[in-house]
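The next block holds one structure in the form of structure tokens; read it before the comments.
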Amino acid sequence: MAYGPSKNRSRSQNEVREPNLIPIMNLFIVIIPMLMTIMVTVHLAMIEITLPTESAAGGGGGDDAQEQLEDLPKVITLALLPDRFEIMVEGIDDIISIPQLSTGTYDYFTLDENIARLKENNENQGTIDLLPDPTVKFDTLLRSIDICKSNNFPNIKYLTSLTKYYKAK
């Protein structure tokens, strides 16, 4: 059974049709504000750098350079070992070793005294490197971090011990 021609077909092709504005309105009302909320904005930060100027005496080296090298912070590393604490300071060959009081009992009081003394000697230092042994308990790690932070070392940098795995033949 055949049906008659549709109303749209019966219209002449020369008639001007009104444009469908709904997709364009959706674009402006919905899609563009959504894209603007998703958009990542770039934040610029300005860092003020003052470069050293040459001294009036001449070459620019000498005492000023030596004083600047002394002001640089030294790397301080606190190693948490199963039987002791060890504190190493860059440029100093002596390692401060703090043994356990008894098996499983660390000497936090002596650690606190040594960290405080290091802070007095290195006032411009704000970072301490922490090297925990994998067998040290989590409580020991947290208490050591608390001691470092209470002695004005707000930045704790975690180091990991090198672990190598070998395939058995």
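Read the figures in this text as sums done on the coordinates, not as results from a lab. Quick caveat, the model's predicted, so the values are computed rather than measured. Neighbour counts run over all protein chains shown; Cβ positions are idealised from the backbone, glycine included.
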Q: Could you list, in sequence order, all residues of region 131-149 that are free of Cβ contacts under 8 Å to residues at least 24 places away in the same chain and either among the β-branched types (Val, Ile, Thr) or in a helix (DSSP H, G or I) (or both)?
A: 138, 139, 142, 145, 146, 149
Q.
Looking at region 89-98 only, could you name the residues that are surrounded by fewer than 17 Cβ atoms within 10 Å (Cβ to Cβ) and either within 28 Å of the chain's Cα centre (by Cα) or hydrophobic (A, V, I, L, M, F, W, C) (or both)?
A. 90, 91, 92, 95
Q: Scan the strands (runs of 3 or more DSSP E) fully inside region 67-130 and keep the ones with 3 or more residues being within 17 Å of residue 141 (Cβ to Cβ).
A: 76-80, 84-89
**Q.** Positions within region 134-154 being exposed (fewer than 12 other Cβ atoms within 10 Å of the Cβ), farther than 14 Å from residue 108 by Cα and of a type outside the set (Ser, Thr, Tyr), in sequence order
**A.** 134, 138, 154
Q | Residues of region 100-120 that turn out to be surrounded by 12 or more Cβ atoms within 10 Å (Cβ to Cβ), out of contact with any helix residue (DSSP H, G or I) (no Cβ under 8 Å at 6 or more places or on another chain) and of a type outside the set (Asp, Glu), as a count | A | 8
